[in-house]
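S.K.: Structure incoming, see below.
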Amino acid sequence: MLQLNGYGVCAETPLDALTTYLTPNDLFFVRNHWIPRMPDSKTWALRVDGEVGTPLELSLEELKAMPQATVTCVLQCAGNGRSFMKPVVPGVQWRHGAVGNARWTGVRVKDLLDKAGLKATAKHLHTFGADNPPGKVPPFFRSLEIEKVLEDGVVALEMNGEPLPAPHGAPARLVVPGWAGDHWMKWLERLSPQPEAQKGFYVDVAYRFPNTPGDPGVAFKPQEMHPVTALFVKSNIVEWPKKAKVGRRVTLRGFAFSGAPDIRTVEISADGGSTWKEAVLDPRHDPHAWRLWSFAWTPTAPGNVTLRARATDSRGSVQPKEAVWNQSGYLHNAWHGVEIEVVA
Ligand SMILES: Nc1nc2c(c(=O)[nH]1)N[C@H]1C(S)=C(S)[C@@H](COP(=O)(O)O)O[C@H]1N2
Ligand SMILES: [Mo]
């Protein structure tokens, strides 16, 4: 793991370790806003209050006794790829590795809210974790549209078949398939459906994306931005030869994902994006999971060649050549290219 700053834990996965459909728990990137206060799972309880008929307080055992659901999907930090923004922007300088794909098991948010008797007045789900920053540092409290969590949100107790590891939010975290990681509250303690969105730094100021692209380097005003929700279509090349020989076939591998439920195609260009050839998609897929792919390429002439990948999702969104510049460096999804030296 590559630790990126001096406080809390912000560690990304080296790209060449992201070769498997399920990212192993101990290789999965970690993004903590502050040094977490990890709850004791024996005394921990999840509170459900707000616009409900019957507020609940459920122990881990009680949650485990409820019907369990499993989803396999990508978790990506909104700031993944921030270090590639031009001009550069402040924030944790993630390269490609603040992303992973895992199997999450737990209780559907819908089942929890139904059990509590959700009222029709509830429009936003306020979420609270156990981390508690010192002094005037704003707490990482969030909220998101209730329709989204009712559709496919899960309070996960397990990650890849193991109890949720402490760095990933034990004993329970929110899983929001297809949406950026800032919605995936860790060390979850309280869910509170409310008529209005939550107020505070991490809702009103952070995690906002421009409504329309502007000039790189020119900061957007708050009213020109909206909350980051669904991920953008994106692919990365994770395996490629540094050297190849004319006439000898080589294989590239990678992954692709999107906020849309699936990936339709991944294409590779050897000429800067003028022409593209389709990669072969791995048969494994789940809604909002990533899709592994491979591409066989036979170089025809010596020289240094950059191969670029671009993905198209099941809704027809095509990965762009350039990312939309924004002052927070969110959702960078420009084409990823790798250089290969071809010898005669
Ligand atoms: N309580 C709490 N939840 C949190 C965070 C946090 O700092 N505190 N960071 C969020 C962000 S920005 C991301 S990208 C994901 C990272 O999840 P991971 O560390 O399991 O990869 O957790 C989210 N949930
Ligand atoms: Mo994040």
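S.K.: When the chain is treated as a GNM, springs tying every alpha-carbon pair under 10 Å, which of 130, 166, 102 comes out with the largest mean-square fluctuation?
M.R.: Sorting by GNM fluctuation, first place goes to 166.
S.K.: For the chain, modelled as a GNM with alpha-carbon contacts under 10 angstrom, which of 155, 238, 305 fluctuates the most?
M.R.: Comparing 155, 238, 305 in a Gaussian network model of the chain, the most mobile one is 305.
S.K.: Now, a different point. Suppose R0 equals 41 Å. What FRET efficiency, 1/(1 + (r/R0)^6) with r the Cβ-Cβ distance, do residue 339 and residue 26 give to the nearest 0.05?
M.R.: 0.85
S.K.: Using helices alone, I'd like the mean residue ellipticity at 222 nm for the chain: each DSSP H run of four-plus residues gives -39500 (n - 2.57), total over residue count, nearest 500.
M.R.: -1500 deg cm²/dmol
S.K.: Okay, moving on. Leaving out same-chain residues fewer than 8 places away, which lysines sit with a Cα under 21 Å from that of residue 221?
M.R.: Straight-line reach from residue 221, under 21 Å: 86, 199.
S.K.: Sticking with this one: How do the peptides 57-65, 324-332 rank, highest first, by the average count of neighbouring beta carbon atoms within 10 Å per residue?
M.R.: Top to bottom by mean Cβ count within 10 Å: 324-332, 57-65.
S.K.: Per residue, how large is the accessible surface of the range 1-151? Use a 1.4 angstrom probe and give square angstrom.
M.R.: On a per-residue basis, 46 Å².
S.K.: What FRET efficiency do you get for residue 189 and residue 5 if R0 is 41 Å and r is their Cβ-Cβ distance, rounded to the nearest 0.05?
M.R.: The formula returns an efficiency of 0.95 here.
S.K.: Also: Would you kindly state how much longer the chain becomes between residue 204 and residue 86 on full extension, computed as 0.36 nm times their sequence separation minus their alpha carbon distance, in nm to one decimal?
M.R.: That pair, residue 204 and residue 86, stretches by 40.0 nm at full extension.
S.K.: Obtain the nm distance between the two label points defined at residue 223 and residue 49 by a simple spin-label model: each point lies 7 Å from its Cα along the Cα-to-C-beta direction.
M.R.: Here the answer is 3.6 nm between the modelled labels.
S.K.: Another question about this same structure. List the lysines whose Cα sits under 22 Å from the Cα of residue 242, skipping any in the same chain fewer than 8 residues away.
M.R.: Once the sequence-local lysines are set aside, what remains near residue 242 is 277.
S.K.: Starting with the highest mean, order 39-50, 249-260 by the number of other Cβ atoms within 10 Å, averaged over the residues of each peptide.
M.R.: Final packing ranking: 249-260, 39-50.
S.K.: Additional query: Modelled label-to-label distance, residue 16 and residue 275, 7 Å Cα→beta-carbon offset: nm?
M.R.: 3.1
S.K.: Just the C-alpha atoms of the range 234-343: what Rg/Rh do they give, with Rh taken as the Kirkwood radius?
M.R.: 0.99
S.K.: Same structure again: Under 17 Å from a label point 7 Å along Cα→Cβ of residue 315: give me every residue in the range 124-157 with its amide N that close.
M.R.: What the label zone holds, given the 17 Å backbone N cut-off, is 145-153.
The values are calculated or read from the model by the stated rules, or taken from the named source; none is laboratory data. It should be emphasised that the depicted structure is a prediction, and the values quoted were computed from it without experimental measurement. Cβ atoms come from the backbone with ideal geometry, glycine included; neighbour counts cover every protein chain shown. We work out accessible area using only protein heavy atoms, side chains counted, and drop any ligands, DNA or RNA first. Shrake-Rupley method; radii C 1.70, N 1.55, O 1.52, S 1.80 Å.
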